[in-house]
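K.L.:
Just passing along the structure, written as structure tokens.
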Amino acid sequence: MIADGIQMLVQRERMAPLARQRRDTYAITPDAPLIREEFWLMATTLAEWRNQGMPADVPPAQLFALAGPTNHSLGGLGWCEAAFVPNFETKQIADRGDTEVVQDWAGRHVLYFKGRREGFMPEYLEHPVKDQRTWVENVKWRLDPQTPARWENLERDMAKATAAAAHGFMITQGLIGGYMFLRSLLGPEELLFAFVDQPGLIHDCMQTWLALAEAVTTRHQQHVTFDEIFFAEDICYNHGALISPAMMQEFLFPYYQQLVTNVKRRQLDPHRRLYVQVDTDGDCRPVIPLYLDAIGLDALSPFEVASGCDVVALGRQYPQLVMRGGLDKRVLAQSPAAIDQMLERILPVMRRRGGYIPCLDHGVPNEVSYANYLHFRKRCVELGG
């Protein structure tokens, strides 16, 4: 069998250095150098830093000593919103002077400041699914796996993926998780009522989610072997889970279990370990054991500190868990001394543990100065190896 990264993992000496670093992290290798990446550098933050003297002609990755990609991500299944083909028409619904109501590409009516759509939490006024009729008429057909436009870039995407696999990069299939999917369709409050009042609608939505996920992963797995499935979930808030364990067991986990089982069965390299990662903001602590039991959770991010998540404590509690995040974005708006105190408490311990990717617990806020962020990145390099 050829060690091409698809039928069989390439030999370690043939892997790109960044690919080896990712695999060492997922193997929870003690004392391995820490990956240099960030959760999210927002455009508004970068614009503010340019006003503070950040060079405009130097890439941020170079300025901040961030590594290039350490894995290769596949899309086609959405992230914060469903993978609609076609999207909804983006159009203004109402003019309110300094603000406007816009129908976005995901069919939601959103209140924005005029001329500004980043750097703040928008207000969602309406979502596209209200009942079975609106689901079928306006939304469900946009998730049809047979829509030809959905596959227009398949050949190009798979060529990139097979090339990455040949250099040992982990192949990650990202997708919108079931809770995030349902919330983007119905809205967070409306969804809670629908779990009780319209369970048939919710199961129809999730069956559609699974059918699309099955179609896309099947196509992708004809070309590459997956190393990871990464669910964008956001199922927690500052005091824990947004829905009950019973709701997860009824409406989410059976579909996840079916997908993970089928993906494992289709692997071109049947001996490859498939990691399962979940991303959720807020206090993730109550859901960790649920996902461990339901889908064999291997990795979690981003461990929001303001919600009580401490990666040092959780790293001890769950030594088998790959962890990403857990650095308090609010501290970066304080002082270099405060940044040092945070990093010196976390990074040496987590490097000794292994299985940790240091980055902020969400996007870098506008309140963080360019000088402070430079100091933060410098200290991450010094402490992370």
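K.L.:
Quick one: Tyr237 ticks every box in (1) surrounded by 18 or more Cβ atoms within 10 Å (Cβ to Cβ); (2) in contact (Cβ under 8 Å) with a residue 60 or more places away in the chain; (3) under 19 Å from Leu300 (Cα atoms) except a single one, so which number is it?
P.N.:
Single failed check for Tyr237: (1).
K.L.:
Separate question: Among the residues in region 220-239, are any in a helix (DSSP H, G or I) and within 18 Å of Gly78 (Cα to Cα)?
P.N.:
The answer is yes, given that some residue of region 220-239 is in a helix (DSSP H, G or I) and within 18 Å of Gly78 (Cα to Cα).
K.L.:
Continuing with the same structure: For region 112-133, which residues satisfy the criterion of being modelled with pLDDT of 95 or more and part of a loop (DSSP other than H, G, I, E, B)?
P.N.:
His127, Pro128, Val129, Lys130, Asp131
K.L.:
Search region 88-105 for residues that are buried (at least 16 other Cβ atoms within 10 Å of the Cβ) and pair each with any residue that is among the small types (Gly, Ala, Ser) when their beta-carbon atoms are under 6 Å apart and the residues are at least 6 apart or on different chains.
P.N.:
The qualifying pairs are Phe88/Gly107; Val101/Ala94.
K.L.:
Does any residue in region 267-281 that is in a loop (DSSP other than H, G, I, E, B) come within less than 6 Å, Cβ to Cβ, of a residue that is of a type in the set (D, E, K, R) six or more places away or on a different chain, and which pairs are these?
P.N.:
What qualifies is Leu274/Lys264; Thr280/Glu233; Thr280/Asp234; Asp281/Asp234; Asp281/Glu304.
K.L.:
Can you work out which of the residues in region 21-45 that are surrounded by fewer than 18 Cβ atoms within 10 Å (Cβ to Cβ) and touching a helix residue (DSSP H, G or I) at 6+ places or on another chain (Cβ under 7 Å) is nearest to Tyr370 (Cα to Cα)?
P.N.:
Leu41
K.L.:
Same structure again: Checking the condition over 21 Å from the mean Cα position of the chain (by Cα), under 18 Å from Pro319 (Cβ atoms) and either aliphatic (A, V, I, L, M) or surrounded by fewer than 18 Cβ atoms within 10 Å (Cβ to Cβ) (or both), which residue from Leu383, Leu343, Leu347 passes?
P.N.:
Leu347
K.L.:
What is the number of the single condition among (1) surrounded by fewer than 16 Cβ atoms within 10 Å (Cβ to Cβ); (2) in contact with a Ser or Thr (Cβ under 7 Å, 6 or more places away or on another chain) that Arg324 does not meet?
P.N.:
Among (1) surrounded by fewer than 16 Cβ atoms within 10 Å (Cβ to Cβ); (2) in contact with a Ser or Thr (Cβ under 7 Å, 6 or more places away or on another chain), Arg324 violates only (1).
K.L.:
While we're looking at this one, here's another question. Do we have any residue at all in region 121-134 that's exposed (fewer than 14 other Cβ atoms within 10 Å of the Cβ) and at positive phi?
P.N.:
No; the residues of region 121-134 include none that is exposed (fewer than 14 other Cβ atoms within 10 Å of the Cβ) and at positive phi.
K.L.:
Quick one: count up the residues across region 71-99 that are under 30 Å from Thr225 (Cβ atoms) and touching an Asp or Glu at 6+ places or on another chain (Cβ under 6 Å).
P.N.:
0
K.L.:
So, one more: Only one residue in Ser307, Ser335 is assigned by TED's automatic domain parsing to the domain that holds Ile229, hydroxyl-bearing (Ser, Thr, Tyr) and surrounded by fewer than 15 Cβ atoms within 10 Å (Cβ to Cβ), so which one is that?
P.N.:
Within the list Ser307, Ser335, the selection yields Ser335.
The values are calculated or read from the model by the stated rules, or taken from the named source; none is laboratory data. It should be emphasised that the depicted structure is a prediction, and the values quoted were computed from it without experimental measurement. Please note: Cβ atoms are built from the backbone with ideal geometry, for glycine as well, and neighbour counts cover all protein chains shown.
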